[in-house]
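One structure is given below, encoded as structure tokens.
The values are calculated or read from the model by the stated rules, or taken from the named source; none is laboratory data. Computed from a predicted model, the values in this text were never measured in an experiment. Neighbour counts are summed over all protein chains in view; Cβ atoms, including those assigned to glycine, are modelled from backbone coordinates with ideal geometry. Accessible surface is based on the protein model in full, side chains and every heavy atom, while ligands, DNA and RNA are left aside. Shrake-Rupley method; radii C 1.70, N 1.55, O 1.52, S 1.80 Å.
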Amino acid sequence: MPTSNPEHKRRVALVIGAGSIKCAAALGLQKSLYQAGISIDMVVGCSGGSLYAALIALGTETEEAERLTHALWTRELTKKRSISALLKTVAPRIFGFDENFGLIDDSLILSRLKAAYGEQTFTEARIPLYIVATDFETGEKVILEKGRLRDAIRASIAIPFIFKPWRFQDRLLMDGFMSDPLPVDVAIKEGADLIIALGFDSPYQTRIDSSPRFAFQVTTIMANHLLTSNFAFHNLAHHTEVIPVVPEFDRRIRAFDSDELHYIIEQGEKAMNEQIPYVQRLLGTQ
Amino acid sequence: MEITEKDVDGVAILSFSGSLDALTSPEATDYLEACISNGKNQIVADLAAVDFISSAGLRVVLTAMKQTRLAGGDFRLAALPDGVHKVIAMAGFTSILKIYDDAESASSSFRK
């Protein structure tokens, strides 16, 4: 990697974009980098990626992270509809429709986030951690880097229409994928030289038979186009190197396929292993 | 990285192999600039043997596209492996570049 100052220590960032359960591939990337002796200098996460960015920044072992994810991210999270949201939709004037709207009851995700991350904050992260959310009122991208982790994650995964926005640090926040689905720019801004980017197109629905599925489809279309345009710009803007790591899956992985977790991590590790010699050459360690 | 070249009816078909990344992009850029300055502005990049493309590689592709079009020609891609195609698509390049299944189709597209 060309550099004008040979003494300059090249900073490695791991950026984990939106992608629901597929983001678990980041644990495979971490394992591969660790085995190769490559340290990560910062982690950036968005939406589903924030779950893993936080675990990696906290120094959680891969096996423990896998166990936590099994307990955290299952299909049951979207099973329980929010009665108040339904009533607000049917009779907004009577039940008082407002910005705190989400079709799914979020009590289960809240309790699971609490079980997984407890009261830990950004200051307990061993490496700098940045979590991306979106300001519901202004549309701005918001980079979270202080406060309680489970609040930041809850904000970053507030899928529009599905989970209500989350108030944190005096802002009403929603899913980071609405503003920056693969936040390579955060790593650029924080001074990363080598950026390892794990990003995914969100999968489209195979059938539209409920309002949440309809909502998922609409936001997926928008977010996938946003991913493409942002990624194009960030690739061209970065002064050194963005390495896209694209795990290959031989079957469709749906948002809550936690049974596929081990396979997803393995594929992430495999995809990263293929790039390790190149990363080592860039870092001058081979 | 290796680059081999052949001419088919005035179209330069460049076959790349290996990785198109920060380590190899200077060589690729030099090669392409030499081609274009020698009057070759209809270029097909056959990427069948490219196993990886990074941001530096994308910048090479974009620069070649701009330079050939400024010279009145075009830079077209052919035979993209799946992994390379995914990165090219994720970066939005599929909407601004012409991409073909193989080098022959890409070179003949200049005659249409």
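Per residue, the accessible area of region B:2-111 comes to 42 Å², computed with a 1.4 Å probe over protein heavy atoms only. The GluC sites (Glu not before Pro) found in region A:126-166 that occupy coil by DSSP, while having at most 13 further C-beta atoms within 10 Å, are A:137, A:140.
Taking all protein chains into account, the per residue accessible area for region A:123-210 stands at 40 Å² (1.4 Å probe). Here is the list for region A:1-104: GluC sites (Glu not before Pro) lying in DSSP coil, each with at most 14 other C-beta atoms within 10 angstrom of its C-beta, are A:7, A:61, A:99. Around the Cα centre of the protein assembly as shown, unit charges on the Cβ atoms of Lys, Arg, Asp and Glu (plus for the first two, minus for the last two) sum to a dipole of about 1240 debye. Between residue B:109 and residue A:94, the simple label model (points 7 Å from Cα in the Cβ direction) yields a spacing of 5.9 nm.
Among the trypsin sites (Lys or Arg not before Pro) found in region A:135-230, those both in a DSSP coil and sparsely packed, with 16 or fewer other Cβ atoms within 10 Å of their Cβ, are A:146, A:207.
Per residue of chain A, the DSSP helices (runs of n ≥ 4 H) give a summed -39500 (n - 2.57) that works out to -13000 deg cm²/dmol at 222 nm.
Dividing the summed helix terms, -39500 (n - 2.57) for each DSSP H run of n ≥ 4, by the number of residues in chain B produces a 222 nm estimate of -12000 deg cm²/dmol to the nearest 500. Each of residue A:221 and residue A:254 was given a label point 7 Å from its Cα along the Cα-to-Cβ line. The distance between the two points is 2.2 nm.
Among A:172, A:27, A:51, the largest mean-square fluctuation in a Gaussian network model of chain A (Cα springs under 10 Å) belongs to A:172. Quick one: pull the percent of accessible area on region B:2-111 belonging to carbon and sulfur, 1.4 Å probe, ligands and nucleic acids left out. After summing per-atom areas, the C and S share lands at 48 percent.
Other protein chain C-beta atoms within 10 Å of residue C-beta, averaged over A:239-246: 6.
Summary value for region A:19-154: 28 percent relative contact order, contacts being C-alpha pairs under 8 angstrom separated by 6+ residues.
Model label sites at residue B:101 and residue A:124, defined 7 Å from Cα along the beta-carbon direction, differ in position by 5.6 nm. Within chain A, the whole DSSP H helices whose Cα atoms reach 24 Å or more along their own axis and whose mean Kyte-Doolittle score is at least -0.5 are A:211-237, A:261-283. Using a Gaussian network model of chain A in which every pair of alpha carbons under 10 angstrom is joined by a spring, one finds that among A:43, A:12, A:218 the greatest mean-square fluctuation is at A:218. With a 10 Å cut-off around each Cβ of B:88-99, the average count of Cβ atoms from other chains is 4. Using C-alpha pairs under 8 Å with a sequence gap of at least 6, the mean separation divided by the residue count of chain A gives a relative contact order of 28 percent.
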